[in-house]
Amino acid sequence: MLPPPTHSSDPDAAIRTTDDDAAHARLSATRKGYFNDPYIQLLVPRAQLVPLRSPLINIGTFIRSEAIDILLSKWVDASKDFRTVQIVSLGAGSDTRFWRLMDGLPVKDSIAKYVEVDFPEITTRKAMAIRKHAALSRHLGTGVTVERGGTTLSSECFHLLPSDLRDEPSKIFEPLLTILSVSKPTLLLAECVFPYMESSASSNILEWFSSNFKILGAIVYEMFGLDDSFGKVMRENLKTRNISIPGVEPTMDSMQQRFLRSGLTQVHALSLRQIRSALQTSGLLERVSTAESLDEVEELELVLEHYAICWGSRAEGAMEAAYTPWAIAEA
Ligand code: SAH
C-alpha cells in the first residue's frame with residue numbers, strides 16, 4: 001500500500017502557502033491601521049503570533065486593496081440598471097472582501113451572488129472558520145450547507161467552490177451555471193493567482209467567462225515583467241519554497257492582450273507605482289503617511305513597478321457604453 005501523501009509529495013501544497021503570505025500581509029496592514037478589517041484575524045490560524053510585515057509590504061497591500069475596492073464599486077455602479085451583480089473570486093484564499101462588502105451599503109444590496117474558488121484544502125479551512133465564527137456566518141443568511149466532505153459551502157448569497165483552476169473550465173465552473181445567472185453582470189477577480197498556472201490556463205478561464213456571460217468585468221492583480229534583477233531574486237526566493245510562476249506576463253501590454261484575446265473588449269492596466277501616484281493626487285493615500293513612515297521610497301517604487309492591476313469588460317450592445325469610463329482615479 002502506498003503511504004499517505006505528505007506535503008513534500010504534493011507540489012500544490014507549496015502554492016497554497018501563498019495564501020498565508022497574502023493573509024499575513026493583510027493582517028499586518030490591518031494592525032498598522034491601514035484597514036479596518038475585523039475579519040482577517042478570524043481567518044488566520046494563531047493570528048496573534050503572526051509578526052508584522054515591513055512598511056513596504058503593508059503599503060503595497062493597502063494600495064492594491066484600495067484600488068481594487070474602487071474598481072469594484074465603480075463597476076457595480078456602472079451595472080446599476082441591473083440592480084444586482086455577481087462576483088466570482090478565483091484563488092480567493094483567506095480574502096475578506098465578501099464580508100467587508102457586506103458591511104458597506106449601498107454595495108451590499110447590489111451583490112446577488114459571491115463565489116470564491118480555491119483548492120479544496122483552502123475552501124475546507126475557510127468553511128470551518130465560517131462555521132466557527134458568528135461574525136463570519138451572520139452575513140451568509142439562512143440555508144448555509146457544507147457538503148462534499150466539508151470542502152463546499154453554499155448559502156443564499158455566498159458560495160465556496162473547491163477546484164483546481166488548471167482543470168478544464170467547463171468542468172470547474174459547471175456548478176456555477178446553476179448558481180449564477182448568465183444574463184446578470186458578472187465580475188471576475190483574480191488577485192495573485194494567475195502567475196501560478198500556465199498562461200493557457202488563465203486564458204481558458206477568461207474565455208469561458210466571456211463566452212458564457214453577457215456582461216463580464218474582470219480585475220486581475222499580479223506581478224509582471226520579472227526578467228530583470230528584481231524579478232530574478234523573486235523567482236529564486238519562490239523556488240526555494242518550491243513555488244514556480246510559469247504564468248507571469250512580461251509586460252502590462254501582454255496582460256491586456258490576454259484580456260483582448262479572451263473576448264474582453266475594453267481593457268486597461270496600471271502598475272502599482274502608477275496607481276500610487278494617482279491615489280496620492282486624489283488624496284486617497286493620507287492613511288499611508290499617518291500609519292508609518294517609509295524611508296526607502298525608491299525601494300518601494302521598485303517593488304511597486306513589478307505589480308499591476310489589469311481590468312477590462314465586455315458587454316453586449318448598448319450596455320457597452322456604461323462600462324467605458326471605468327477608472328481607478330479621475331486624471
Ligand atoms: N486572492 C487572495 C489569495 C492570494 S494567494 C488574496 O489576494 O488575498 C493565491 C491563492 O491562489 C491561494 O489561496 C492558492 O491556493 C490559490 N491558487 C493558486 N493556484 C491555484 C489553482 N491552480 N487552483 C485553485 N487555487 C489556486
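Please go through segment 34-44 and give me each residue that is surrounded by fewer than 21 Cβ atoms within 10 Å (Cβ to Cβ) and touching a Lys or Arg at 6+ places or on another chain (Cβ under 7 Å), ordered by number.
The first filter runs over segment 34-44 and keeps only residues surrounded by fewer than 21 Cβ atoms within 10 Å (Cβ to Cβ), leaving 36-38, 41-42, 44.
The answer is Asp37, and nothing else.
Taking each residue of segment 37-60 that is within 18 Å of Leu294 (Cβ to Cβ) and looking for partners that are open to solvent by 60 Å² or more (accessible area, probe 1.4 Å) with beta-carbon atoms closer than 6 Å, six or more apart or interchain, yields Asn58/Lys32. Selection of strands (runs of 3 or more DSSP E) fully inside segment 152-222 by the criterion of at least 1 residues being among the hydrophobic types (A, V, I, L, M, F, W, C), within 14 Å of the ligand (Cβ to nearest atom) and in contact (Cβ under 8 Å) with a residue 12 or more places away in the chain returns 158-162, 186-191.
Residues that are under 30 Å from Asn212 (Cα atoms) and either away from the ligand (no atom under 13 Å from the Cβ) or among the hydroxyl-bearing types (Ser, Thr, Tyr) (or both): does segment 48-68 have at least one?
yes
If the condition is being open to solvent by 10 Å² or more (accessible area, probe 1.4 Å) and either away from the ligand (no atom under 16 Å from the Cβ) or part of a helix (DSSP H, G or I) (or both), then segment 77-100 contributes Asp77, Ala78, Lys80, Asp81, Phe82, Arg83, Thr84, Arg100.
The values are calculated or read from the model by the stated rules, or taken from the named source; none is laboratory data. As the structure is a prediction and not an experimental result, all values here were calculated from the model. Using ideal geometry, Cβ is built from the backbone for each residue, glycine included, and neighbour counts are taken over all protein chains shown. Note: accessible area is taken over every heavy atom of the protein model, side chains too, but ligands, DNA and RNA are not part of it. Shrake-Rupley method; radii C 1.70, N 1.55, O 1.52, S 1.80 Å.
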